[in-house]
Amino acid sequence: MNRTVNRQLIVFTRFPEAGTTKTRLIPVLGARGAARLQRKMTEHVLKRVGGGCGRFTLGVEIRFDGGDEKQMQAWLGNTYRYRPQGDGSLGRRMAAAFEDAFQKRADQAVLIGTDIPGLAAATVEDAFAGLDRADAVFGPAADGGYYLIGMRRGAFAAAQKLFADIRWGTDRVLADTLQIAAASGLRTRLLEELADVDSPGDLPVWEQENAGQTPEP
């Protein structure tokens, strides 16, 4: 009989405090409007994927920046496990989240953000299914980054440079990551490309997913 695979979904988000979140949208939406959009996008993604995905049973952990555990629980409830992202670069924080998941005996872990309105449970399911054949999976973002990264526990030791040698915030994030993955001998798989909401020009992505609902300033 095959051993049950322990799968962990990690969600990176930020507590929606005005002035500290979605700062590139503040000139258009104002500080409170940008925070409200952050709140709505997080709730939107969790509604789609937070309860599991299709044929897989998942543990779900929310890694948050800003606020504290009590504030996160008051906002999103007691269904999820919460942990702060910690300090350091994005890469360091993601690496720490994967390391913790694998130390807790997860066999596969997938990490997502909350700024991709088109992210669906089927996409997360595809990511975990891909890890049955690949060492790492990526969800390409339209801006050249990625909205999802998944990894097998056995590949994590060889994947450290994926989090250390990347020019974060540029349109080369995914391309550089895939190049390093190939040089590290990792087998990779790509999912569908999706668009994120990070700047004023991205707001139609949110409006399209929400029946033309324009974010309130």
Where a residue in region 141-157 is over 12 Å from residue 190 (Cα atoms) and its partner, wherever it lies, is in a strand (DSSP E or B) and not aliphatic (A, V, I, L, M), with Cβ under 9 Å and at least six apart:
151/108; 152/108; 153/108
For the list (1) part of a strand (DSSP E or B); (2) over 26 Å from residue 208 (Cβ atoms), I need the number of the one condition that residue 95 fails.
(1)
Among the residues of region 91-149, the number that are touching a Cys at 6+ places or on another chain (Cβ under 6 Å) and of a type in the set (A, V, I, L, M, F, W, C) is 2
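Is it the case that residue 135 is more than 22 Å from residue 17 (Cβ to Cβ), surrounded by 19 or more Cβ atoms within 10 Å (Cβ to Cβ) and among the charged types (D, E, K, R)? Explain how you work it out, then say what you get.
Details: more than 22 Å from residue 17 (Cβ to Cβ): yes; surrounded by 19 or more Cβ atoms within 10 Å (Cβ to Cβ): yes; among the charged types (D, E, K, R): yes.
In short, yes.
Would you confirm whether or not region 47-65 contains a residue that is of a type in the set (A, V, I, L, M, F, W, C), under 27 Å from residue 193 (Cβ atoms) and modelled with pLDDT of 95 or more? Before you say what the answer is, go through the steps one by one.
Looking only at region 47-65, we keep the residues that are of a type in the set (A, V, I, L, M, F, W, C), and these are 49, 53, 56, 58, 60, 62, 64.
Pick out the ones that are also under 27 Å from residue 193 (Cβ atoms) and you get 49, 53, 56, 58, 60, 62, 64.
From what is left, the residues that are modelled with pLDDT of 95 or more are 62, 64.
Yes.
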Kindly indicate the residue of region 64-90 that is free of Cβ contacts under 8 Å to residues at least 60 places away in the same chain and within 18 Å of residue 168 (Cβ to Cβ) and also surrounded by the fewest Cβ atoms within 10 Å (Cβ to Cβ) among those meeting that condition.
87
Could you please let me know if residue 159 is touching a strand residue (DSSP E or B) at 6+ places or on another chain (Cβ under 7 Å), at pLDDT below 95 and buried (at least 18 other Cβ atoms within 10 Å of the Cβ)?
yes
Residue that is surrounded by the most Cβ atoms within 10 Å (Cβ to Cβ), among those in region 162-173 that are closer than 14 Å to residue 141 by Cα and out of contact with any Asp or Glu (no Cβ under 9 Å at 6 or more places or on another chain):
172
Quick count over region 91-106, residues being surrounded by fewer than 17 Cβ atoms within 10 Å (Cβ to Cβ) and either acidic (Asp, Glu) or over 21 Å from residue 5 (Cα atoms) (or both), is 2
Only residues that are buried (at least 16 other Cβ atoms within 10 Å of the Cβ), over 18 Å from the mean Cα position of the chain (by Cα) and part of a loop (DSSP other than H, G, I, E, B): list them for region 18-63, please.
20
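The values are calculated or read from the model by the stated rules, or taken from the named source; none is laboratory data. A quick note: this is a predicted structure, and the numbers were derived from the prediction, not measured. Glycine gets a Cβ as well: all are built from the backbone with ideal geometry, and neighbour counts include every protein chain shown.
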